[in-house]
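The structure under discussion appears below in the form of structure tokens.
The values are calculated or read from the model by the stated rules, or taken from the named source; none is laboratory data. Values in this document were obtained by computation on a predicted structure and should not be read as measured data. Cβ: placed from backbone, ideal geometry, glycine included. Neighbour counts: every protein chain shown. Note: areas computed on protein heavy atoms with side chains; ligands, DNA, RNA excluded. Shrake-Rupley method; radii C 1.70, N 1.55, O 1.52, S 1.80 Å.
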Amino acid sequence: MNRKTVLLLLPFLLTGTIQADDNLFHLKINRHLFYPDTLVVPAGTRIKVIIENQDPTPEEFESFELNREKIIMGNTSATVFIGPLKPGTYPFFGEFNPETAQGKIIAVPADKP
Amino acid sequence: MLTTVIIILREVLEAAILISLLMVLHLKFRFYRHWLGIAIGAGIVGASLYAKAFGNISTWFDGSGQEIINGLSLLCIGICLSLQLLLSSWHYRRLAKPPDSPLPIFTLTLTAILIMAMAITREGAEIIVYYSGITGQQRHSHSMIIGGIIGGGLGLCIGVLSFTILYQLAMRNLMAGLSLLLILVTAGVMTEATQYFIQAGWILTTEPLWDTTAFISESSVAGQLLYAVFAYEASPTLEEVMVWCLTAGLLGGSLFLIQRKSHVS
């Protein structure tokens with residue numbers, strides 16, 4: 001692969017990272033509970049969720065419906081990109097404490113109020 | 001306790017199935033037999049180091065360090081698995097004998113060690129991180145330990161069962177079965193890598209193409225086992241489906257070409 005080909009392909013690699021208007025949401029984990037436990041997000045567009053684990057122990061943010069899993073160490077934050085999602089409800093849970101750490105993301109069409 | 005059983009079972013099962021497939025291949029072909037010990041040792045050391053540096057690594061790449069490292073490791077595993085499949089099929093089909101020159105044996109041994117060391121590093125680190133929270137929860141610590149033993153034991157049993165079933169097959173059926181399994185596992189590994197890059201925001205994606213939750217839900221036992229072995233996704237995106245088809249197609253096509261001028265029926 002010569003230099004020209006690499007330069008041609010570079011924009012495709014970078015499109016994933018340069019996204020100035022990503023919808024940004026925040027989740028907190030405290031005492032093995034998610035706050036808020038429901039996030040309402042726009043459907044059809046990628047969203048960025050910053051998850052802050054305020055507990056001292058690690059938690060794994062996981063969702064089968066969203067196809068996402070990420071370990072967040074105690075007293076740290078993590079970033080997860082989700083979507084674009086079709087309108088609907090997508091449950092998520094903390095795999096290390098699934099009895100209590102539960103929540104859902106509700107994706108609504110952009111034109112709905 | 002059930003939560004712990006499932007968590008540990010899933011982590012152990014991925015590695016156990018890979019070990020069983022590779023061990024069958026290497027024992028039947030009489031490659032270097034002691035690679036597994038080296039791989040397990042390297043994997044345990046890797047898992048300890050990865051778990052220790054987990055918090056730090058997670059901050060790399062703008063908070064997506066975990067996804068990038070896991071994704072790259074899975075890509076490497078996928079390439080190594082492809083080499084295992086193609087090299088062993090080449091020697092079986094085209095040359096009708098195990099390799100006697102050092103280069104293919106060296107490649108097969110090295111890639112097997114890399115596959116298992118990286119798989120054990122990733123799964124082992126997650127298990128270590130999971131248990132690192134145990135000291136703060138004395139009430140649950142006993143059930144977590146017992147759950148881990150049960151889950152780990154179940155995963156190992158399934159791995160041993162898979163090895164036993166494959167090992168006693170006649171060589172011709174073994175190569176066919178092993179090839180199919182390796183294609184499916186490798187395609188799954190590449191799809192899982194793609195998903196990590198999507199999660200990190202490195203690959204833009206679209207809405208999922210379909211949803212087979214009604215047939216096999218990912219939260220069901222069957223769904224979780226299929227996820228652990230073949231990276232089953234009930235609602236895959238276009239990019240994941242493309243990577244799966246491309247990997248399976250390339251490997252299947254290569255095996256077909258190798259077999260076309262086969263010296264073994």
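Considering every residue in B:208-217, what mean count of other chain Cβ atoms within 10 Å of its Cβ is obtained?
Whole-number average of other-chain Cβ neighbours for B:208-217 is 1.
By Kyte-Doolittle mean hydropathy of at least -0.5 and Cα axial length of at least 18 Å, which whole DSSP H helices of chain B are selected?
Passing helices, by number: B:2-28, B:35-52, B:65-89, B:102-132, B:138-167, B:171-199, B:238-260.
With springs only between Cα atoms under 10 Å, which of B:Tyr130, B:Tyr92, B:Tyr50 fluctuates most in a Gaussian network model of chain B?
Maximum fluctuation in the GNM of chain B, among the listed residues, is at B:Tyr130.
Averaged across A:74-80, how many Cβ atoms of other chains sit within 10 Å of each residue's Cβ atom?
6
Between B:Gly63, B:Gly155, B:Gly46, where does the largest GNM mean-square fluctuation fall for chain B, given springs only between Cα atoms within less than 10 Å?
B:Gly63
Given chain B, what whole percent of its Cα pairs are spread farther than 34 Å?
Distances greater than 34 Å cover 20 percent of the Cα pairs.
So how do B:145-153, A:90-98 stack up, highest first, on mean other-Cβ count within 10 Å? Working shown, then result.
Values: B:145-153: 17.3, A:90-98: 20.9.
In descending order of packing, they fall as A:90-98, B:145-153.
Within the protein assembly as shown, how many Lys pairs that are eight or more residues apart, or on different chains, come under 22 Å at the alpha-carbon?
Going through the protein assembly as shown pair by pair, I get 15.
Counting only protein heavy atoms, what percent of the accessible surface of segment B:107-265 is carbon or sulfur at a 1.4 Å probe?
Percent of accessible area from carbon and sulfur atoms in segment B:107-265: 73.
Output the antiparallel fraction of DSSP beta bridges having both residues in the protein assembly as shown, as a percent to the nearest 5.
Once the DSSP bridges in the protein assembly as shown are tallied, antiparallel ones form about 65 percent.
Give a quick list of chymotrypsin sites (Phe, Trp or Tyr not before Pro) in segment B:139-222 that DSSP marks as loop, anything other than H, G, I, E or B, with at most 16 other Cβ atoms within 10 Å.
B:Trp210, B:Phe215
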